[in-house]
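Quick notes on the structure that follows.
Derivation of every value follows stated rules applied to the coordinates shown; laboratory data play no part. None of the values given here were measured: they were computed from a predicted structure. Virtual Cβ from ideal backbone geometry, glycine too; neighbours counted across all protein chains shown.
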Amino acid sequence: MNAHPPLRRLAAGAVALWLLAASAGAALAATPDPTIPPAWPIDTSLAYSWATGAVPPSIIRTAVDAAAADANGSRGSRAPSFAYSSAGSNAVSYGTSNPCGVNGLACFSRDPARGYWHLWFRENGHRYDWGTLSWCEMTGSPYGCFRAETITIDEFGHVAGLDHHVNLASDSDYADAVVQASSHARAQVGWNASAFGRCDVATLQQLYDVASWTTLYSTCLDVPTSVTLGVLSTTAKLGTLVTFTATLQSAGTARLAGNPMAGRAVVLQRLTGTTWTDLATMSPGTTAGTYRAVYAPSATQAYRAVFRKPANEGVRASTSSSLTIVVVCTTSPCSLQAGTAGTGGSR
């Protein structure tokens with residue numbers, strides 16, 4: 001196993017972008033990956049085929065196809081998808097003819113403006129000054145080999161616009177990203193990653209937006225949120241149900257600004273004296289990012305909606321402004337009755 005694994009160098013034409021992005025984020029740690037501009041259009045399908053005269057061995061082709069499925073299944077965004085097609089205009093090459101530099105295991109070229117990209121892989125057994133390249137899929141080596149599937153996910157990340165993740169000095173966050181400047185050989189941490197890491201996904205979401213309104217935001221992010229609460233009328237007759245509707249949105253920047261956030265837990269609270277207490281967990285509304293609850297107030301009181309920070313999502317908590325429901329009595333004598341809360345439709 002190499003104590004200092006080799007760098008996978010970027011193909012010519014992308015180096016300057018790498019230097020700019022790396023220097024801009026070098027002081028940060030455990031943050032979303034830097035980017036290589038420009039981005040592709042959202043939901044772009046990037047089909048690939050095997051390069052004429054440089055077709056990878058079947059076992060490497062299988063690894064590349066598996067990596068495409070890994071990338072597509074873990075991107076958590078509307079980032080480009082990858083798939084093999086015999087008519088694919090983008091090439092994947094294997095062998096001695098490549099621009100990968102003296103230490104490169106694999107490398108890439110990308111040009112979203114022209115709709116083109118290319119991946120190159122060094123041949124198994126290539127001799128470097130640090131040792132001999134061994135692809136795990138081809139050799140079954142118990143240690144010191146590099147997994148072609150993992151390396152391919154890394155390169156697909158670059159093609160999508162991800163630059164090398166900036167790690168902590170201890171490298172303890174290595175598994176937060178598969179797009180790394182230094183590849184880990186078997187059996188170091190992360191050598192066999194089969195998905196984008198959370199900080200890869202964070203940048204893909206920033207570049208291309210989340211895959212759907214129910215998609216969780218990567219825990220490598222810290223996206224502000226906004227929740228509002230409304231009712232049709234702030235005056236209610238005693239004993240009648242009031243329908244409360246909350247709207248939850250992301251309040252990030254660029255692609256992450258103003259997104260409806262569906263499938264989360266929003267709680268309706270009531271103010272009793274000086275204490276806010278949970279009244280009901282609101283159910284999904286009729287449009288994405290809305291939540292509703294029905295309640296029969298027994299007295300004039302204030303209400304608000306609360307979204308608490310989930311442990312599994314990189315978003316902030318938020319609380320709506322309060323609103324007061326004024327309860328009026330239309331009978332005499334006017335008797336108070338206990339209110340009942342629910343999450344279904346109005347009755």
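So the values come out like this:
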read-out	value
Highest-MSF residue in the chain out of Gly53, Gly131, Gly273 [GNM, Cα springs under 10 Å]	Gly273
The chain: most fluctuating residue of Asp111, Asp154, Asp200 per GNM, C-alpha cutoff 10 Å	Asp111
Cα-based equivalent ellipsoid, the chain: semi-axes from gyration tensor eigenvalues, Å	54, 19, 16
Value of D in µm² per second that Stokes-Einstein yields for the stretch 15-208, Kirkwood Rh from Cα pairs, at 4 °C (1.567 mPa s)	78 µm²/s
For a label point 7 Å along the Cα-to-beta-carbon line of Asn192, residues of the stretch 45-75 with backbone N under 17 Å	63-64, 66-67, 70
Pairwise FRET efficiency - Ser172 versus Asn103, Cβ, R0 = 35 Å, nearest 0.05	0.90
The chain, relative contact order in percent, only Cα pairs under 8 angstrom and at least six apart counted	16 percent
Length-normalised contact order of the stretch 118-189 in % [C-alpha pairs under 8 Å, at least 6 apart]	28 percent
Label-reachable residues, the stretch 96-136, where backbone N falls under 19 Å from a point 7 Å from Ser58's Cα toward its Cβ	124, 135-136
Rounded to the nearest 20 debye, dipole of the chain from Cβ charges on Lys, Arg, Asp, Glu	1060 debye
Residue exposure sequence - Glu149, Glu123 - by fewest surrounding Cβ within 10 Å	Glu123, Glu149
The stretch 188-298 shape via C-alpha gyration tensor axes, a/c threshold 1.5	prolate
Order of Thr274, Thr281, Thr96, Thr245 under a 10 Å beta carbon neighbour criterion, fewest first	Thr274, Thr96, Thr281, Thr245
The chain: calculated mean residue ellipticity at 222 nm from DSSP helix runs of at least 4, using -39500 (n - 2.57)	-5000 deg cm²/dmol
Label point distance in nm, Val231-Ser89, each placed 7 Å from Cα along Cα→Cβ	5.8 nm
Magnitude of the charge dipole, the stretch 15-208, Cβ model with Lys/Arg +1 and Asp/Glu -1, debye to 20	260 debye
